[in-house]
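Take a look at the structure set out below.
What follows is calculated from the coordinates using simple rules that are stated; it is not laboratory data. Quick caveat, the model's predicted, so the values are computed rather than measured. When we count neighbours, we look across all protein chains shown, and the Cβ atoms used for this are built from the backbone with ideal geometry, even at glycine.
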Amino acid sequence: DIEGTTSSIHFVHEVLFPYAAKNLPEFVRNNHAKPEVNSALQDVAALANIALNDIEALIAQLLRWISDDQKVTPLKSLQGLVWEHGYRNGDYKAHIYADALTALQAWHQQGIDLYVYSSGSVYAQKLFFEFNEGGDLRRFFKGYFDTVTGAKREVESYQKIQQVIGKPASEILFLSDIVEELEAAAAAGMHTAWLQRDTAEIEHTPRHLCVASFADIELTRWDTH
């Protein structure tokens, strides 16, 4: 997971989301005919029962979804395109926790396959790790998953991910700050680690490893070889 796990929730909610809300209307007006934008708008129109040529109504719907923090796939796709402009324009860089950066570097060097599963689009995920405070981190990751795979609190999503990765679920560790996501991953047979950042006291559960930092994760605890 990204938000709240590798990276601060505050960066997403106080930088990325406001930037998208402010810039999305003009972006859609100026770029609605471009194939990647038009494709997402077709999905918005179908989901909201709005005419594709009613650009202002489509924009209003997108802004409502942003306001309601809805994990709607075409919105995520358009947000990613808007965020790309911000990244490439140097308006901001994506945040990463120092302990997450250290662990990702170490695990990558150890030959461990790393994947991302986030509600943000795969496109937005790649931008996030390309234009990052820690540098271009895309080299660490073998693959990316988003809500096209399925909702993050559904067991079937993790079963699909396991099939794509091609390893037994018992050899996969999923990290998130959202316990409902961990429950779904565990039900699919994966190991789990619950990141509890910015909390005064760790809440423990026998079902998940509970940590405040990537530094507290020791992968050998699951080594069955």
Next item on the list: Would you mind checking the range 106-138 for residues with the amide N under 19 Å from a putative spin-label position 7 Å along Cα→C-beta of residue 23?
Entry: 120-136
Next item on the list: Rounded, prolate or oblate: pick one for the range 98-222, where a ≥ b ≥ c are the square roots of the eigenvalues of its C-alpha gyration tensor, a/c under 1.5 means rounded, and failing that, prolate if a/b is larger than b/c, else oblate.
Entry: rounded
Note to self: I want the local charge near residue 134. Using Cβ-Cβ distances under 13 Å, sum +1 for each Lys or Arg and -1 for each Asp or Glu among the other residues.
What the structure shows: -1
Next item on the list: Please give the length that would be gained between residue 164 and residue 142 if that part of the chain were fully extended, namely 0.36 nm times their separation in residues minus their C-alpha to C-alpha distance (nm, one decimal).
Entry: 6.8 nm
Margin query: Of 79, 41, 66, which is farthest towards the positive pole of the range 9-88's charge dipole, taken about the Cα centre with +1 and -1 on the beta-carbons of Lys, Arg and Asp, Glu respectively?
Written below: 79
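For every helix of n ≥ 4 consecutive DSSP H residues, a contribution of -39,500 (n - 2.57) applies; sum these over the chain, divide by its total residues, and give [θ] at 222 nm rounded to the nearest 500 deg cm²/dmol.
My calculation for the chain gives -14000 deg cm²/dmol from helical runs alone.
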Check: What is the set of long-range amide H partners of residue 174 at a cut-off below 5 Å, with H atoms built 1.01 Å from backbone N?
Finding: 191, 192, 193
Next item on the list: Amide H neighbours of residue 132 under 5 Å, at least 5 residues apart or on other chains, H built in the peptide plane: list them.
Entry: 94, 137
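About the Cα centre of the chain, what is the dipole size in debye to 20, counting +1 per Lys and Arg Cβ and -1 per Asp and Glu Cβ, all else neutral?
Rounded to the nearest 20 debye, it is 600 debye.
Suppose every Lys and Arg Cβ carries +1 and every Asp and Glu Cβ carries -1, with no other charges. What dipole size does the range 1-96 come out with about its Cα centre, to the nearest 20 debye?
160
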Checklist line | Sequence-distant residues sharing a close amide H with residue 116 (under 5 Å, placed H) | finding: 143, 144, 145
Check: Pairs 93/160; 76/160; 93/167; 126/152; 22/71; 71/126: which exceed 27 Å Cα-Cα?
Finding: 93/160; 93/167
Next item on the list: Evaluate the distance, in nm, between pseudo-label points positioned 7 Å from the Cα of residue 180 and of residue 205 along their respective Cα→Cβ axes.
Entry: 1.2
Next item on the list: Determine the percent antiparallel among the DSSP beta bridges restricted to the range 169-213, to the nearest 5.
Entry: 10
Item checked: Net length gained if the chain between residue 218 and residue 153 were fully extended (0.36 nm per residue, minus Cα distance) -> 20.9 nm
Check: What share of the DSSP beta bridges in the chain is antiparallel, in percent to the nearest 5?
Finding: 15
Checklist line | DSSP beta bridge pairing in the range 98-222, given as percent antiparallel to the nearest 5 | finding: 15
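With +1 on each Lys and Arg Cβ and -1 on each Asp and Glu Cβ, and nothing else charged, work out how big the dipole of the range 98-222 is about its Cα centre, in Debye to the nearest 20.
Using only the charged Cβ atoms, the result is roughly 480 debye.
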Next item on the list: Could you go through the range 21-32 in sequence order and give the Karplus-derived ³J(HN,Hα) for each residue, using 6.51 cos²θ - 1.76 cosθ + 1.60 with θ = phi - 60°, rounded to whole Hz, and x for Gly and Pro?
Entry: 4, 6, 9, 4, x, 5, 4, 5, 4, 7, 10, 4
